[in-house]
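The values are calculated or read from the model by the stated rules, or taken from the named source; none is laboratory data. What you see is a predicted model, and the numbers here were worked out from it, not measured in a lab. Note: ideal-geometry Cβ built from the backbone for every residue, glycine included; neighbour counts use all protein chains shown.
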Amino acid sequence: MNLILIAVISLGAIALVSAAILYIASKKFAVYEDPRIALVAEVLPQANCGGCGYPGCSGFADACVKASTLEGKFCPVGGQDVMAKVAGILGMDAAASEPMVAVVRCNGTCANRPRVNQYDGAKSCAIAASLYGGETGCSYGCLGCGDCVGVCQFDAIHMNPETGLPEVDEAKCTACGACAKACPKAIIEIRPQGKKSRRVYVQCVNKDKGALARKSCAVACIGCGKCVKVCPFEAISLENNLAYIDPNMCKSCRKCVEVCPQNTIIELNFPPRKPKVEEGTPVAEAPKAEA
């Protein structure tokens, strides 16, 4: 009987000591979580796309609460409306952010970039890129397997069966960047959407020299530099035989489009150009109103 009593008392003492140790440890090592993190996370879209640069919406909420300003922080899915709500919770100002959109910088359609072989493997751009350069003479262009389509959570990008290239639906694109990360050829870029969705960009990533680039694709950039010379805003640079237009410096004058011999520079969503009047051509006078 005494042995049983001693065992019960010993176990009880051990339990009390363990409970005391756990209580002290929980107080000493307790991690305080700002309740505003949960409030911010609640107004976020919970897409967990990573487009904000943080690991999911909870990571973005934590970063916003800990920051002294919301500058440089933006939820591409929720947009400016969501950021205004976040700013209201934190008592900060929501800096205006320019809308962004995914842009496919390859125009190597079936017509422009003839196939020279056929890929008969797993339908994955990542796998195809690790095995060989692609079905055409251009080893820089789109592989056409649609990895970008598979990772888009917003149904904003689809493969065009006629051209074999991905096309972005601007109305659905949130510029989360998932498609750009999935593309092993880096032909998808997140660029400013532009005023009235108007953009000017080089739709090519081929870095081969002119003759070789032209041979592999009819609309490849040949690195002639004409666009660089004509740009009045120094928005175009030429590196590794490839021209690139800086969207932050471009003023959409479109002079580069006119001089490009390969039609590689794209002007998107602009109104039709007015026909040029050649010198010496008489201009029709407006009819005079009758008295």
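Some observations on this one:
- Hits in the range 1-48 (condition: loosely packed, with under 10 Cβ neighbours inside 10 Å, polar (S, T, N, Q) and over 44 Å from the mean Cα position of the chain (by Cα)): N2
- Taking the criterion of being touching a helix residue (DSSP H, G or I) at 6+ places or on another chain (Cβ under 9 Å) and at pLDDT 90 or above, the residues of the range 104-122 that qualify are V104, G108, R113.
- The sole residue among T163, T109, T174 that is in the same structural domain as L242 (by TED's automatic domain parsing) and closer than 29 Å to R36 by Cα is T174.
- Residues of the range 165-176 classified as buried (at least 20 other Cβ atoms within 10 Å of the Cβ) and either closer than 22 Å to A47 by Cα or at pLDDT below 95 (or both), total: 4
- Of the strands (runs of 3 or more DSSP E) lying entirely inside the range 135-216, the ones with 1 or more residues being closer than 27 Å to Y54 by Cα are found at 157-159, 166-168, 188-192.
- Pairing residues of the range 195-218 that are within 15 Å of C260 (Cβ to Cβ) with residues that are assigned to a helix (DSSP H, G or I), at Cβ distances under 6 Å and at least 6 apart in sequence or on separate chains, gives N206/A213.
- When A84 is tested against (1) under 23 Å from F154 (Cα atoms); (2) crowded, with 17+ Cβ neighbours inside 10 Å, just one condition goes unmet, and that condition is (2).
- Any chance A63 is surrounded by fewer than 17 Cβ atoms within 10 Å (Cβ to Cβ), among the aliphatic types (A, V, I, L, M) and under 30 Å from A182 (Cβ atoms): no
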